[in-house]
Ligand SMILES: [Zn+2]
């Protein structure tokens with residue numbers, strides 16, 4: 001009889017990224033939604049979509065973090081490396097892209113405020129009636145042309161602006177609600193001469209749109225003492241929110257077709273120059289504020305477990 005001790009199978013410990021921080025839970029959520037999107041593309045008939053399916057499926061399959069110790073000696077995870085798919089509507093990549101833009105714009109805002117210290121900031125939302133998702137491209141052309149018309153009017157006194165296009169899914173599941181968010185820089189005289197009331201905004205926007213109904217318009221001024229940075233998350237949030245992306249495969253696939261090669265964020269007036277500098281930088285979705293490539297820090301690598309929809313590390 002064999003009396004040798006049975007080999008013991010060493011049980012590996014499992015460490016969930018979501019247990020490390022709230023950021024870990026957020027990463028799990030975006031990655032799980034990417035998995036859904038990949039499935040939508042995989043089931044579509046178009047040739048190009050199979051390629052998207054593959055790319056999104058392989059997006060950020062692993063994440064490597066630096067282990068940083070803060071002042072209170074608490075350990076923090078900072079993303080060091082990952083491979084992102086860069087598909088436009090990938091929930092992970094659009095989240096990373098939005099973080100990248102926020103970081104870039106927050107970096108240049110102090111310079112703009114320094115160059116134009118007396119200017120005030122307005123946050124304007126311009127809408128149009130919902131359209132069928134299959135009419136989205138046409139409707140976006142209309143809304144963008146109307147905005148151009150608006151900027152060419154005499155009453156448009158703004159020195160510069162950033163415009164972002166947002167699309168939400170209609171409650172009926174087949175329509176889309178495209179609208180524009182504008183961060184506009186008003187000269188100091190705007191509130192004394194040239195102020196546009198809410199009612200007047202609606203009239204002007206109706207004329208620019210050339211429609212026979214009164215469109216919804218929201219305008220709010222950022223208080224003098226407030227940093228315009230507070231509005232950046234609003235202006236640079238996702239073009240399509242994640243819950244709308246994953247709600248329905250048909251709507252999502254049509255959205256991909258309709259938004260193909262369209263532009264989400266653009267700038268005008270003096271802000272165009274500031275933005276041009278930013279656009280020329282390459283898209284670094286890992287870490288916009290990264291100083292160096294190499295790191296001496298200790299690192300941890302987590303891998304995506306599709307079945308349980310979590311990033312795990314086996315120790
Ligand atoms: Zn991706």
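Brief remarks on what is shown
- Residue match in segment 173-182 (condition: closer than 20 Å to residue 34 by Cα and touching a residue at least 12 places away in the same chain (Cβ under 8 Å)): no
- So residue 211, is it assigned by TED's automatic domain parsing to the domain that holds residue 136, within 21 Å of residue 165 (Cβ to Cβ) and free of Cβ contacts under 8 Å to residues at least 60 places away in the same chain: no
- Output for segment 32-70, where each listed residue is surrounded by 17 or more Cβ atoms within 10 Å (Cβ to Cβ), over 24 Å from the mean Cα position of the chain (by Cα) and either in a loop (DSSP other than H, G, I, E, B) or within 16 Å of the ligand (Cβ to nearest atom) (or both): 44
- Residue check for residue 160: loosely packed, with under 15 Cβ neighbours inside 10 Å and touching a helix residue (DSSP H, G or I) at 6+ places or on another chain (Cβ under 7 Å): no
- Qualifying residues in segment 71-85 (those that are away from the ligand (no atom under 13 Å from the Cβ) and assigned to a loop (DSSP other than H, G, I, E, B)) - the one surrounded by the most Cβ atoms within 10 Å (Cβ to Cβ): 74
- Those residues of segment 115-153 which are under 20 Å from the mean Cα position of the chain (by Cα) and farther than 20 Å from residue 256 by Cβ, in sequence order: 123, 124, 125, 126, 127
- Whenever a residue of segment 39-67 is at positive phi, its partners that are part of a helix (DSSP H, G or I) and within 16 Å of the ligand (Cβ to nearest atom), lying with C-beta atoms within less than 7 angstrom and at least six residues away or across chains, give the pairs 60/31; 60/92.
- Criterion: under 18 Å from the mean Cα position of the chain (by Cα) and not in a helix (DSSP H, G or I) - qualifying residue of 97, 88, 104: 88
- Checking each residue in segment 128-148 for being surrounded by fewer than 16 Cβ atoms within 10 Å (Cβ to Cβ) and closer than 29 Å to residue 118 by Cα picks out only 148.
The values are calculated or read from the model by the stated rules, or taken from the named source; none is laboratory data. Just so it is clear, the structure is predicted and the values come from calculations on it, not from any experiment. We place every Cβ from the backbone using ideal geometry, glycine too, and count neighbours over all the protein chains shown.
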